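Undergrad: Following this message is one structure expressed as structure tokens.
Each value in this text was obtained by applying a stated rule to the coordinates, not by laboratory testing. Here the structure is a predicted model, which is why all the values come from computation and not from measurement. Counting neighbours? That spans all protein chains shown, and the Cβs are built from the backbone with ideal geometry, glycine included.
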Amino acid sequence: MTPRIEDYALIGDLQTAALVGKNGSVDWLCLPRFDSGACFAALLGDEDNGHWRIAPKGADTCTRRGYAGDSLVLETYWETRTGTVKVTDFMPQRDKEPDVMRIVEGVSGTVEMASVIRLRFDFGSIVPWMRRSDGHRVAVAGPDSAWLRSEPPVKTWGQQFSTCSSFTVSEGEKVAFVLTWHPSHSPRPKLVDPYEALENSLTDWAEWSARCKYEGPYRDAVIRSLITLKALTFGPTGGIVAAPTTSLPEEIGGVRNWDYRFCWLRDSTLTLGALVSAGYLEEAAAWRDWLLRAVAGDPADLQIMYGLAGERRLPESELPWLRGYENSAPVRIGNAAVRQRQLDVYGEVIDSLRLARDAGLDDKPHAWSLQLSLLGFLESTWREPDEGLWEIRGQRRHFVHSKVMAWVA
């Protein structure tokens, strides 16, 4: 049975993100970036398309879970007839290559645990070659390589193209699993201490959350929303993806299943406004600077979305080997809407830059001339039909929203 979308929790390292179900399974993860191929794609298929489950033997669903304070560190508790165990899932901010860390800790009694990991590169289509090296499990296929280790070491074995582990934890005992990705042509990255990484992650998130200046109602929900915005940020460029996933359907069984692992200009005003109002001017400036780089060029070539670094070509294709979330096919990667004309984005871009000025962000020398150029183009085209906010795939029409946003500009 496919888990409900709302039953997944998000972890990430500001360059990619994973979804963890209440059953202890990581069912979605793209490495090394948000827009890379997924090595765990069970979310859009089944377990054979890649997943990593750690849970007590025979258990189906966790007892409770939540984030550790104002962080993106997920804590999941399992209460069994023999004892209680906690699994801590997180992705530390990386020096170079990404790590997924899962720490199993005995809370009371003794619990028998099981781990099953099925790595499937290229969106669940490629079974990697597995080998052992220095006590680690190593998976290689084409450009991708991943290393799995545990501290302390636990027994692992191969079964049905998966790597299995079985171990017990008693009160106070810990076992940490670390999955590290790197390009297959490069040497293995240096090992990262999972326990030290956990402490650093908790400290980093606590310090970041403490910068929030919002003191109104529902503050916990506001901070959690800001943490999620931060988690969707591609740290190296400041771009913010609309979602870490592709092809989750607008309606179950429908065909409007799009890839949202890109940066939409329409999101810019809302994102900047949220960051500025909460006091996160550094993140707002990084998003503003990404925006200026992305839209630079001929105003007639302004796109509705760009890649994480401002890439313009986002070719769309379908993945027929994935059945889709709850059989909602097709599964798509890339987004053909990148070629659409949506006149409202001119208004959103200019409004975003106005918000940046009002917030006191440092002016960029070319920002004003860019806005004048955009507005000059809009003056001659705002009366034309477009694909609009709804990104229709058909004949262009006139949309009230597009005209209003042209007025905003």
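Undergrad: K22: which lysines have alpha carbons under 19 Å from its alpha carbon, excluding same-chain residues fewer than 8 sequence positions away?
TA: Qualifying lysines at Cα under 19 Å: K57, K86.
Undergrad: Run the reach check for K96 against lysines, Cα to Cα strictly under 20 Å, same-chain hits fewer than 8 apart removed. What comes back?
TA: Counting by Cα, and skipping residues close in sequence, K96 has these lysines nearby: K190, K230.
Undergrad: Volume per residue, Å³, of the convex hull around the alpha-carbon atoms of the chain?
TA: Hull volume over Cα atoms, normalised by residue count, gives 153 Å³.
Undergrad: Near P98, within a Cβ-to-Cβ distance under 11 Å, what is the net charge of the other residues, with Lys and Arg +1 and Asp and Glu -1?
TA: Net local charge, P98 excluded: -1.
Undergrad: How would the stretch 90-211 be classified by its alpha-carbon gyration tensor: rounded, prolate or oblate, with rounded meaning a/c under 1.5 and the a/b versus b/c comparison settling the rest?
TA: Note, shape of the stretch 90-211 comes out oblate.
Undergrad: While we're here: Relative to the longest principal axis of the chain, what angle (0 to 90°, nearest 10) does the C-alpha long axis of helix 344-358 take?
TA: That helix lies at roughly 80 degrees to the long axis.
Undergrad: How big is the Kirkwood radius of the stretch 210-408, worked out from every pair of different alpha carbons and given in Å to one decimal?
TA: 18.0
Undergrad: Suppose R0 equals 51 Å. What FRET efficiency, 1/(1 + (r/R0)^6) with r the Cβ-Cβ distance, do R256 and K174 give to the nearest 0.05?
TA: Between R256 and K174 the formula returns 0.70.
Undergrad: Continuing with the same structure: Cut-off 10 angstrom, C-alpha nodes, Gaussian network model of the chain. Which of R341, R118, R94 fluctuates the most?
TA: R94
Undergrad: A further question on this structure: Would you be so kind as to identify which of V400, S317, P236 lies farthest towards the positive end of the dipole of the chain, taking Lys and Arg as +1 and Asp and Glu as -1 on Cβ and the Cα centre as origin?
TA: Toward the positive end, the furthest listed residue is S317.
Undergrad: With a 10 Å radius around each residue's Cβ, average the other Cβ atoms per peptide and rank 14-21, 270-277, 158-165, highest first.
TA: 14-21, 270-277, 158-165
Undergrad: I'd like the orientation of helix 194-210 relative to the chain: the angle between its Cα long axis and the longest Cα principal axis, in ° from 0 to 90, rounded to 10.
TA: Between helix and principal axis, roughly 30 degrees.
Undergrad: Helix-only estimate, please: 222 nm mean residue ellipticity of the chain, summing -39500 (n - 2.57) across DSSP H runs of length 4 or more and dividing by its residues, to the nearest 500.
TA: -7500 deg cm²/dmol
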